[in-house]
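Chemist: To start, I am sharing the structure in question, which I have written as structure tokens.
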Amino acid sequence: MILSARYSKIIIEGLVQGVGFRPFVYNLATQMGLKGSVRNIGGSVEIIANMASCDEFISELKAKCPIHSHISKITMSEYKTKNVYKDFKIIKSTSQKISLESSMPKDIAICEECLNEIRDPKNRRYEYAFSTCINCGPRYTIIDFLPYDRNNTSMKTFRMCAKCQKEYGDCNDRRFHAQPNSCPDCPITLKFYPSGNLNAQALRDVIVAIKAGKIIAIKGVGGFALICDGRNDEAISTLRSRKNRPTKPFALMVKDIYMASKIADLDPLEIMALSSSVAPIVLSTKKTNDLHSKFIAPNVRTIGLILPYSGIHHLIMQELDFPIVFTSANLSGEPIIASLNELKEKMSSIVDGVLDYDREIIHPIDDSIMQLVAGEMRVLRLARGLAPLNIDLGKNLNTKTAIGMGAEQKITLTYAIRNKYLISPYLGDLDNIDSIKRYEETMNFFNQLYLEYPDILISDMHKNYHSSKISAKKSLELSCINEKVPHHHAHFYAIFAESMKQNNAITQSSKALGIIWDGTGLGKDGKIWGGEFFIGNLKEISRIGHFKEFKLLGGEGAIKDIYKIGYALALQCEAKELIRRYENKLGNEAKMLHQMFDKKINTFQTTSVGRLFDGVASLCGLLDKNSFEGEAGMILESLCKKYPKKESYDFSIIDGVVDFSKMILQIQEDILSFDIPKVARNFIYTLANIALAFAKKYPHYPIVFSGGVFQNKILCDDIKELFDTHKRDFYMHKLLPSNDMCISFGQAVYSQYNL
């Protein structure tokens, strides 16, 4: 039989669902007079169109695709059919296994058009907190499955009214095929507790409560946040007491950039990040003023700011002329709370009121965090708006599928197929039952979409990490290989691979000098590493240096009780005056610790730069215990602004081992001179000079940096200054955080190049 017409099938992969791609294709095809159809299939978009105009169509499609979309692959083939298309239609989606070429839709901050509607008394969506369109709104958090259609989201229980249905079917409307579409006639309902008031009145109750100094939990895009008046010392002190969070900084939500600029010294790059559709928390340098409570971010130089990114936030903030505390509703170390029942169970003694709504959050997610570091905005927490994240490292013959299981803290999962990677959002720390449950739920969700039966699971070498235990268990259940990768090797693989994306100078066969500094992680020798220097690539790594080992007295307990680290450093480096201070302060405990030091009882050896920060902070008398991870480093960083000069302390490198003994003795001299800011500034500058010294030893290699220590802005800025001066190429993380959130990616990269 002779076909009446010739058609092409075009498969578009990338971020092409949840971004208005089908409506865009429909309108473009209609304008060009094409006949055929478009639909979602799995995580991709399929287009059928008459062949004669396909080349021009694809060219226009690439040039004009929606702002939040990204095309990673286009495949075109002849499509044989007996049908003759008379027009162009959006047709019913179909399910199929999803390629890692396809990206999961990300949550997008409310757009200006939707915002204008909820502020306009004449608009039918006036004061309706859930206004959304094809260009904005929740995506990942409401998805139950792909393809991205309403019946595969938590919107499936909400039936569109006639007006919304008309918008949904109108190709000239920006809600054309907008899956979360709703309005006050078919609403998602807000409810405030304890009053029971709904919608606009519920929001007014929240505003009254904030002004009265109350602590309120409000349900956002990815979960509940705790809010209160950011100027009210009493309210913030109460929140700290109830949440058992004595000093860890809180973020502030501000009405607009004008308010933000009064609170912090904002760089144009920080303003761009704050105002972006990601709407992250941005860490910036505090100004000295009384626009917020002194209890917001005590003892540190930075403050986290975030702009309203949902209708709820905007409707609250437009009624306030002051910032509000904005912090995740969760108990210490646990994942963000996303349901009213869990909130009542865990936080009834913490909050004075709750603003809830009746649409389910399927995938709870925290706010992303970014900071301007070494001249570029870098990710500190990979979460809402940024994740799930896809990375493509190009062609690779390896066909084995793998899952990187992460470490123990700051956990993520990474899926790998044919050198394509999908990294999950930040999932918390695996030191509690709820975090483990969410980790496994996320793994099950992505397994269903991408890899039901992976070939390999890759975990950390530390056998007591929960991720390692889960990996061992899952490998038996799924009958797959369970491979282990040393912690700091995974850091190296992650930054090396990411650097391949940043610059063509680094290829999979070239080598780089890797400087990996963090707080903890098991090395190949079974000791705790964290101050490492490697030479290698994605196939081989050699440890060519490390910091001189020092003792953690009492084992892992010293990570919190940092005075034990300070005392051990004083003993090791024979800083006699500082030893005397510790002995006078600690009394009999000092004798016990000294015995542990001499006899190596309940004592671990470490090379960790993160622990070195802790020890120096203790030597300076700044604090005895870390009340949260990284506190000592943040305090040292904050003191740097009080000492504008900088000079390196002395150190030596012998056979690749960094001996910092002279530095500790020079620190002792400055401490005895009561010059603590000088210690902070010169200590951090010394670390940058140690990195440069290794770079000079290996002049032919580019340098890559990874590990949580490189979240220290002052250190990274010093490194940039020194390396730029000496004309050395270096790379730091941009797509991923330098902390353990990149570990799962490094593990997955290892699988694609070595297994």
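Chemist: As an exercise: evaluate Ile667 against (1) part of a helix (DSSP H, G or I); (2) more than 25 Å from Glu574 (Cβ to Cβ); (3) among the aliphatic types (A, V, I, L, M) and give the number of the one condition it does not meet.
Modeler: The failed condition is (2).
Chemist: Continuing with the same structure: Of these, Tyr649, Tyr701, Tyr643, Tyr750, which one is closer than 29 Å to Ala407 by Cα, touching a residue at least 12 places away in the same chain (Cβ under 8 Å), hydroxyl-bearing (Ser, Thr, Tyr) and surrounded by fewer than 22 Cβ atoms within 10 Å (Cβ to Cβ)?
Modeler: None of the others qualify; the one that does is Tyr701.
Chemist: Could I ask something else about it? Kindly indicate whether Asp561 is among the acidic types (Asp, Glu), buried (at least 24 other Cβ atoms within 10 Å of the Cβ), over 13 Å from Val704 (Cα atoms) and in contact with a Gly (Cβ under 8 Å, 6 or more places away or on another chain).
Modeler: No.
Chemist: Can you find, within the stretch 325-366, the residue that is nearest to Thr157 (Cα to Cα) among those that are touching a Pro at 6+ places or on another chain (Cβ under 8 Å) and of a type in the set (Gly, Ala, Ser)?
Modeler: That would be Ala338.
Chemist: Only one residue in Ser471, Ser467, Ser475 is assigned to a helix (DSSP H, G or I), under 20 Å from the mean Cα position of the chain (by Cα), at pLDDT 95 or above and not charged (D, E, K, R). Which one?
Modeler: Ser467
Chemist: Which one of Leu623, Leu612 is farther than 21 Å from Gly523 by Cα and among the hydrophobic types (A, V, I, L, M, F, W, C)?
Modeler: Step by step, each of Leu623, Leu612 is checked, and only Leu623 is farther than 21 Å from Gly523 by Cα and among the hydrophobic types (A, V, I, L, M, F, W, C).
Chemist: May I pose another question? Name, by its number, the condition in (1) assigned to a loop (DSSP other than H, G, I, E, B); (2) surrounded by 24 or more Cβ atoms within 10 Å (Cβ to Cβ) that does not hold for Thr141.
Modeler: All conditions pass for Thr141, except number (1).
Chemist: Same structure again: Given the structure, is Phe745 buried (at least 20 other Cβ atoms within 10 Å of the Cβ) and either touching a residue at least 40 places away in the same chain (Cβ under 8 Å) or over 18 Å from Ser499 (Cα atoms) (or both)?
Modeler: Against the criterion (buried (at least 20 other Cβ atoms within 10 Å of the Cβ) and either touching a residue at least 40 places away in the same chain (Cβ under 8 Å) or over 18 Å from Ser499 (Cα atoms) (or both)), Phe745 qualifies.
Chemist: Further question: Restricting to the stretch 1-41, count the residues that are in a loop (DSSP other than H, G, I, E, B), surrounded by fewer than 20 Cβ atoms within 10 Å (Cβ to Cβ) and in contact with a Ser or Thr (Cβ under 7 Å, 6 or more places away or on another chain).
Modeler: 1
Chemist: Also, quick follow-up: Would it be correct to say that Ser103 is within 30 Å of the chain's Cα centre (by Cα), in a loop (DSSP other than H, G, I, E, B) and at pLDDT below 95?
Modeler: Yes: the conditions hold for Ser103.
Chemist: While we're on this one: Name the single residue, out of those in the stretch 460-473 being of a type outside the set (A, V, I, L, M, F, W, C) and touching a strand residue (DSSP E or B) at 6+ places or on another chain (Cβ under 6 Å), that is surrounded by the fewest Cβ atoms within 10 Å (Cβ to Cβ).
Modeler: His462
Chemist: Hey, Ala632 hits all of (1) modelled with pLDDT of 95 or more; (2) touching an Asp or Glu at 6+ places or on another chain (Cβ under 8 Å); (3) outside any helix (DSSP H, G or I) but one; which does it fall short on?
Modeler: So the condition that Ala632 fails would be (3).
Chemist: Now for a separate question. Given the criterion touching a Gly at 6+ places or on another chain (Cβ under 9 Å), assigned to a helix (DSSP H, G or I) and under 25 Å from Asp718 (Cα atoms), identify the matching residue among Arg581, Arg611.
Modeler: Arg611
Chemist: Oh, and also: Can you name every residue in the stretch 180-204 that is in contact with an Asp or Glu (Cβ under 6 Å, 6 or more places away or on another chain) and either more than 19 Å from Ser339 (Cα to Cα) or hydroxyl-bearing (Ser, Thr, Tyr) (or both)?
Modeler: Passing the criteria: Thr189, Ser195, Ala200.
Chemist: Identify all residues within the stretch 421-434 that are farther than 15 Å from Ser744 by Cβ and outside any loop (DSSP other than H, G, I, E, B); write none if there are none.
Modeler: Answer for the stretch 421-434, where residues must be farther than 15 Å from Ser744 by Cβ and outside any loop (DSSP other than H, G, I, E, B): Ile433, Asp434.
Chemist: Further, regarding this structure: Select from the stretch 584-636 the residues that are charged (D, E, K, R) and buried (at least 19 other Cβ atoms within 10 Å of the Cβ) and write down the one among them that is nearest to Thr247 (Cα to Cα).
Modeler: This residue is Glu631.
Chemist: Quick check, is Asp561 touching a Lys or Arg at 6+ places or on another chain (Cβ under 7 Å), of a type in the set (Asp, Glu) and assigned by TED's automatic domain parsing to the domain that holds Leu672?
Modeler: It is true that Asp561 is touching a Lys or Arg at 6+ places or on another chain (Cβ under 7 Å), of a type in the set (Asp, Glu) and assigned by TED's automatic domain parsing to the domain that holds Leu672.
The values are calculated or read from the model by the stated rules, or taken from the named source; none is laboratory data. Just so it is clear, the model here is predicted, and its values are computed rather than measured. In this analysis, Cβ positions are derived from the backbone assuming ideal geometry, glycine residues included, and neighbour counts consider all displayed protein chains.
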